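Trainee: Dropping a structure here in structure tokens format, bear with me for questions.
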Amino acid sequence: MSEQASTNVLGISGSLRQESFNTRLLHASGALAPLGMNIDVYEDLAHIPPYNSDNDGENAPQAVENFRAQVRDADALLIATPEYNYSIPGVLKNAIDWLSTGDGGQLLAGKPIAVMGAAPTAFGSVRAQLALRQVFVWTDSKPVVKPEVIVFNAHERFDGDKLVDEGTQDLVRRLLQSLAAKVDEGR
Ligand SMILES: Cc1cc2nc3c(=O)[nH]c(=O)nc-3n(C[C@H](O)[C@H](O)[C@H](O)COP(=O)(O)O)c2cc1C
């Protein structure tokens, strides 16, 4: 019997907020992952400094080096993004910029990436997700296209930290299965 390869996913939330719906969504994903998939959540987004090419290369800040190492080691990324003013929160876009430069080793090229997002509004981060997908064209990444996980009215879907909405659970489950398939395509 062939042994099933494990898939290590790095989860990144685009929100720094303690009570963030997106961070909660990310933490809930672990329990919805297919067999063999492990999701670690990146915790240090707040420590990534603004991108400056003068400080890239050998001078890259330690927080950036650590972040890059975690991304390099991951088979895939799972990003949960809020929507700020119809687009990607600055902190998340900034972190992605550090991953995309030549000095960063173009860490996103060929990387399977699943995108999801939550908001207490009726549009559930859909415009931010679209903007993220545009970024992943330039970075030559391999984003999962479907299902789209747009968690609108997010405040109705959690009981404390627990994701209780079964429809959302099912969507996340299917997103992670598609992500696993994307990783397998590249093996
Ligand atoms: C600066 C800012 C801009 C926002 N812009 C939008 C927006 O364009 N569309 C939207 O649906 N919600 C917007 N919101 C509301 C967010 O969806 C809401 O704060 C959400 O809870 C953020 O995600 P989080 O819970 O993961 O922190 C904005 C919030 C902030 C702080």
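Trainee: Keeping to segment 74-106, report how many residues are among the hydrophobic types (A, V, I, L, M, F, W, C) and at pLDDT below 95.
Mentor: Final tally of qualifying residues: 0.
Per-residue answers, yes or no, for (1) over 24 Å from ARG72 (Cβ atoms); (2) within 16 Å of the ligand (Cβ to nearest atom); (3) outside any strand (DSSP E or B):
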| site | (1), (2), (3) |
| --- | --- |
| ASN8 | no, no, no |
| ILE12 | no, yes, no |
| LEU16 | no, yes, yes |
| ASN22 | no, yes, yes |
| ALA28 | yes, yes, yes |
| ASN38 | no, no, no |
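Trainee: Which one of GLY167, GLY105, GLY110 is on the phi > 0 side of the Ramachandran plot and either free of Cβ contacts under 8 Å to residues at least 60 places away in the same chain or within 16 Å of the ligand (Cβ to nearest atom) (or both)?
Mentor: On inspection, the qualifying residue turns out to be GLY105.
Trainee: A further question on this structure: Being within 14 Å of the ligand (Cβ to nearest atom) and either in contact (Cβ under 8 Å) with a residue 60 or more places away in the chain or touching a Ser or Thr at 6+ places or on another chain (Cβ under 9 Å) (or both) is the filter here; which residues of segment 133-164 pass it?
Mentor: Across segment 133-164, the qualifying residues are VAL149, ILE150, VAL151, PHE152, ASN153, ALA154, HIS155, ARG157, PHE158, ASP161, LEU163.
Trainee: Could I ask something else about it? When ALA122 is evaluated against the numbered criteria (1) buried (at least 22 other Cβ atoms within 10 Å of the Cβ); (2) within 16 Å of the ligand (Cβ to nearest atom), which criterion, by number, is the only one it fails?
Mentor: Exception for ALA122: condition (1).
Residue-by-condition table, conditions (1) within 16 Å of the ligand (Cβ to nearest atom); (2) among the aliphatic types (A, V, I, L, M); (3) in contact (Cβ under 8 Å) with a residue 12 or more places away in the chain:
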site	(1), (2), (3)
GLU19	yes, no, no
ALA33	no, yes, yes
GLU43	yes, no, no
ALA69	no, yes, no
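Trainee: Failed condition for ALA95, given (1) assigned to a loop (DSSP other than H, G, I, E, B); (2) within 16 Å of the ligand (Cβ to nearest atom); (3) on the phi < 0 side of the Ramachandran plot; (4) surrounded by 17 or more Cβ atoms within 10 Å (Cβ to Cβ), with all others met?
Mentor: (1)
Trainee: Related question: Could you please find all residues in segment 70-92 being more than 17 Å from VAL144 (Cα to Cα) and not in a helix (DSSP H, G or I)?
Mentor: Matches in segment 70-92: PRO82, GLU83, TYR84, ASN85, TYR86, SER87, ILE88, PRO89.
The values are calculated or read from the model by the stated rules, or taken from the named source; none is laboratory data. It should be emphasised that the depicted structure is a prediction, and the values quoted were computed from it without experimental measurement. Ideal geometry is used to build each Cβ from the backbone, glycine not excepted, and the neighbour counts take in all protein chains shown.
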